[in-house]
Amino acid sequence: MEKNERDFYVAELIGKLLNGDISQEEHLWLKEWVNESAENKVQFEKLTDAGFLEKKLTFWDNIDNDKAWNELLHKLPEPESEPVRSFNYTSLLKYAAIAILTLSVSVLLYLRNENRVTGNDKPQIAQTTMIKPGSNNAILILGNGQKVALKNHVPVSINEDDGTAVSNKDEILAYKHTGKANAGQEVIYNTIVVPRGGEYQLVLADGSKIWMNSASSLRYPTSFSGGERKVYLSGEAYFEVAKNAKMPFIVKTDKAEVQVLGTHFNVKAYDDEDLCKTTLLEGSVKVHSSAAANEIKPGEQAIINGTGQQKITSDINVDEEVAWKNGLFMFTKADIKDVLQQVSRWYDIDVVYEGKVPELQFTGQLSRKVDFYGFTNILKYAGLNFTIKGKTVIVAK
């Protein structure tokens, strides 16, 4: 392969790697290229550095490429034959960036840990099955206990006994109170259960919008009456609550109650995590726990531990807290265990560590649409090895 062709090929593979659709054969070729020389390692690390690429892309966006090229040609002596465009590292960087843009990479996950792959280290992924990303998938449990699968664009149209119409047009579960309730009808509760590897959106009878993350469930009345609107959450959900000053909206978890009138916020309350976190984007909320009650402002987060103690902080990246709702993984100096805990829910996998859990930190973001192999393509450059057996992933350093 000629040098120019090789450079273009490297650029293309880096674009594929960052986009998560590189083949195993292409990946092995790229790994060999990286290990050929220290210069290649440096180039690769720069080309997968989100901050570095962002600066370069901003610079190139402001350049009229055709104009610049024509001006350069006029400055060169007249060639005896057709001019040949030279190719160097700067060109490689540009074409890698173009390849990344062409492949529609949303963002680039990169490592800030010093434990990079060096020498003859050969981290690898032993894979026996394809692990696909999550999708719209949930189970609706009606007031009478009947279970309805919400997936594969199958339409649902149900009328509850209290006169509430339930449908899932465009894969959004929506409730509409028709006012045709039976006399003396008690409050009817529905529960939406989103399994690992799933997510779902619903609109309650009051117009409040809720996005459910993987491994989460929400119990709620099909229509609201009385002096409050209370729902029960396990897992993680993002809320855009319809305003009603006379009827506060309350989200109850095992560790806290979040009370609002109308606002946008995220609640993360997984049973297998020690902390419950409420992050406010808009409006105001009051967070009650067994030991305290605090009101938080937009850009703040209430963190509650197992004893009900609260910590209010503004030292957060709000975009990171709701990245899942926007189709992204986003990390800032996150431990590998925290990273793979999120990943395990989305890809519906069980993660097992061989030996001690690696002390690595990751910063960056990546689309949740890539398959698990695409995700590990980048993580493995920290020297991690992944062995995939069915739905179990074994991680080793």
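Readers should treat all values here as calculations from the given coordinates under stated rules, not as data from a laboratory. Because the structure is a prediction, the values reported are computed rather than measured. Here the Cβ positions follow ideal geometry from the backbone for every residue, glycine too, while neighbour counts run over all protein chains shown.
Here ARG6 and ASN326 are evaluated by their C-beta separation; at R0 = 35 Å the FRET efficiency comes out at 0.40. For the stretch 260-397, evaluate the Debye formula with one uniform point scatterer on each Cα (no solvent term) and list log10 I(q)/I(0) at q = 0.09, 0.17 Å⁻¹, rounded to two decimals. Normalising to I(0) and taking log10 leaves -0.33, -0.98.
With a Förster radius of 25 Å applied to the beta-carbon distance between ASP271 and ALA245, the computed FRET efficiency rounds to 0.15. Between LYS333 and ALA396, the FRET efficiency estimated from the beta carbon spacing at R0 = 22 angstrom works out to 0.50. Normalise the Debye intensity by I(0) for the stretch 247-305, one equal point scatterer per Cα, no solvent, then take log10 at q = 0.13, 0.24, 0.29 Å⁻¹ and round to two decimals. The calculated log intensity ratios at q = 0.13, 0.24, 0.29 Å⁻¹ are -0.27, -0.93, -1.31.
Other residues lying with their Cβ under 12 Å from the Cβ of GLN201 contribute a combined charge of -1, Lys and Arg counting +1, Asp and Glu -1.
In order along the stretch 295-300, the phi-based Karplus estimate (6.51 cos²θ - 1.76 cosθ + 1.60, θ = phi - 60°) of 3J(HN,Hα) comes to 9, 10, 10, x, x, 10 Hz; Gly and Pro are listed as x. Over 29 Å apart at the Cα level, from the set LYS151/LYS333; LYS31/LYS333; LYS297/LYS333; LYS252/LYS311, are LYS151/LYS333.
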